[in-house]
1. Which whole-number percentage describes the relative contact order of chain B, with Cα contacts under 8 Å and a sequence gap of 6 or more?
2. Give me the Kirkwood hydrodynamic radius of the range B:168-290 in Å, from all C-alpha pairs, to one decimal place?
3. When the Karplus curve 6.51 cos²θ - 1.76 cosθ + 1.60 is applied with θ = phi - 60°, which whole-Hz ³J(HN,Hα) does each residue of the range B:57-64 get, with x for Gly and Pro?
4. Considering amide H positions built from the backbone, and no H for Pro or chain starts, which residues 5 or more places from residue B:188, or on another chain, come under 5 Å of its amide H?
5. Might you report the magnitude of the Cβ-based charge dipole of the protein assembly as shown about its Cα centre, with Lys and Arg at +1 and Asp and Glu at -1, to the nearest 20 debye?
6. Which entries in the list A:22/B:259; A:156/B:174; A:156/B:257; A:46/B:259 go over 31 Å, if you measure between the two C-alpha atoms of each?
7. Quickly work out the residue B:124-to-residue A:223 label distance, labels modelled 7 Å from Cα along the C-beta direction, and quote it in nm with one decimal.
8. Among B:69, B:221, B:324, which residue has its Cα positioned farthest towards the positive end of the charge dipole of chain B, with +1 placed on the Cβ of Lys and Arg, -1 on the Cβ of Asp and Glu, and the dipole taken about the Cα centre?
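FYI, it's all coordinate maths here, none of it is from the lab. Because the structure is a prediction, the values reported are computed rather than measured. Backbone-built Cβ (ideal geometry, glycine too); neighbour counts: all protein chains shown.
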Amino acid sequence: MADTPIEPPAVAAGPGPSLGSKVRAAISGWGLWALLALLPVVYGVKDVSQGEGLSRIAQNILEGLSNGSIWALIALGYTLVYGIIELINFAHGDVFMIGSFVAAGIFGTIGLTLTTGPAGLVGGLLIVLIICMVACGSLNVMIEKVGYRPLRNAPKLAPLITAVGFSFILQNVGLLWLGGSPASVPDLIRAQQDVFTIWGVTVQRADLLAIGVTVPLVTGLTLFISKSRLGKAMRATAQDPDAARLMGINVDTTISATFALGGMLAGAAGLIYALYQTTVWYFQGFQAGLIAFTAAVMGGIGNLRGAVLGGLIIGVIQQTSDNRIGPEWTPAIVFAFLILIMVFRPQGLIGEETREAG
Amino acid sequence: MTSVPAAEPTPAARSRRPELPPWFGRAAAITLGILAILMPLFFDPISGFIDDCVIALAYVVMALGLNVVVGFAGLLDLGYVAFFAIGAYTVGWFASGFYSDANIHILVTGNADKLPGIHINFLIILVVAATLCAIAGILIGLPTLRLRGDYIAIVTLAFGEIIHVFAVNGDGIKIFGDRYPLTAGRQGITPVDQVHLPFVEPFNQLNLRPWYWLILGIVFFTLFIVIRMRDSRIGRAWVAIREDEIAAASMGVPLVKTKLFAYAAGAAIGGLSGAFLAAYLNTVNADQFAFTFSIFVLAMVILGGMGSVWGVVLGAVLLSFINNRLIPDVLNGVPGKLNLDFQLADLGFGIFGFLLVIVMILRPEGLLPERRHRIEMHEDIDVQESMYDEERL
């Protein structure tokens, strides 16, 4: 996979496609799709050849999809922000972490315990969801106001570095909040409980929760971006901030709104994560942020559908690798995919070329 | 005077005040250099202060290396810890009893000559570490050649994390048979060989002076190399691609070669420091190679002033002392005295995050900025129209 030679001369060379650029063109056309399918296909074939059937790999894929829907929610935040100000919001993963912490802290406060009945549980979780979303949305807006807005005229490196700074600050907040080791969250929805089994694939409550929250949110977001007035302003600002300003769009407000949206999705993801994994810790945001960023890049950063697709694909890759290779290697595998995508298809699977990556 | 060796000449040397004679900067640098050499003689050989100085100087080397990549060439590298890891593992592999089945001794004296394992003279180790890191730097640099700006940051970060994962899980990777794991994972490879060099007293934990002089020598060497590179053809080429890649390419600057050279040079310097730190700390532990370290070194470069050699030296010394002395020792009890229920040491990296944000917002060019960089950071204030133009470092 990684052994295709990258020929430096091809970069500097003038017209006339060299062998290197042809290889790269072929790989960026189809190779990446093949590569993404590699892990599930290899292990699926392996299972079949050992006479085990496809149910184990299907289980991996299902869990990957439900896990991936969390990554998709976070990836949307990256992609929204990148689309509008071309900044990798490094602190986004940690905003998600704060979302989990808010959720974990608030369960007890509003009286949600393991004995709460179904109706109370649904109502209570909805309240928690809204609180998480509001908290993370305003946190993200605050970060934008303090850290990124003063630097909008500065060279690109500057806001990226403040983003890293905020990421560290938020991690430290998390560290002081719940301590250095993973804290357990009451298993309110009994996440591991099986709901039904179909073709040997067991669907658990956690899977239903993840998909049940993600799908409406993503649908709502897509509608908001494509139909509402503010969504239209966002798209205009993303396309050309100066022209948008000339047309009477308040660019600052629009950018703030984008950060609010991204933060809200991260907050929702935080709640799902807390219920799904039943543990939270201050470092989860770093890892999740990188995975989600990989997802956003994979789909084509700046592209909403791409982020969701990338999130689901990364979820499957991650789950397969967790289950088959070992969780301690998963980060390396995800990052290897990130690098391969960056090298061969920086514009992503379905994204248009961005200025920066092109 | 005592706390910041070799960093002070900067303001005088760099500022363009007319009353200073032209030789002033050089004279100040030499004076401070001599003071830095003599400094440990005034302290107890095992004092904590010398220990802090040794660590600070090792960080100076790291920061100077990262400055070549980030400051000179403008390639934001968030995976610099990779070179700390590779440099350190060079010591772990080739200067310890880790591979106890192998029996290779090259130019070693004392205890190490009799022990099993691979033992190679520390000076050779330094060369090997620098070479390995330069190769790794080129390999990491290759995929970023077509990318710009923040994408480079992400790819380098990914490489840094991959190397961290390999370091943590390397005890399970056995390429040359069962007795030869890649790393010792979180257990750490310890102990590693003591350094033996002529003319200075034995290197051990009870006498830190030789360690200090060794790292000071490495700092002088690195400073020399870095300053010569900056003022040479390659240095100008780096600045040119930092300022405008397209213009530089059309003026005939070979982008690929120039960028790869920046990666290789920065990595090699990081490898020197990594090898030294491994020998000094007497362990090569996978937990040392976390992302935090990359950010820590980056913060030094940014605080000091990207691209400014003396600024980076100052930034590294300051942050290192803040991290190793000020926060855990001097100020640690302050929140307790204010009836707050935490210790300042718990806020370590939060404070660094805060510093990054504050420096970027208030003084983006750093404490001792490079002239060209300062102009760049401030020119855009009155260029409102170019607000969203593609401005790069």
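1. It rounds to 26 percent for chain B.
2. When all Cα pairs of the range B:168-290 are included, the Kirkwood radius is 17.7 Å.
3. Karplus-based 3J(HN,Hα) across the range B:57-64 equals 5, 4, 5, 4, 4, 3, 5, 4 Hz.
4. For residue B:188, the qualifying residues are B:286.
5. With only Lys, Arg, Asp and Glu charged at Cβ, the dipole is about 860 debye.
6. A:156/B:174; A:46/B:259
7. For the pair residue A:223/residue B:124, the computed spacing is 7.2 nm.
8. Selected residue: B:221.
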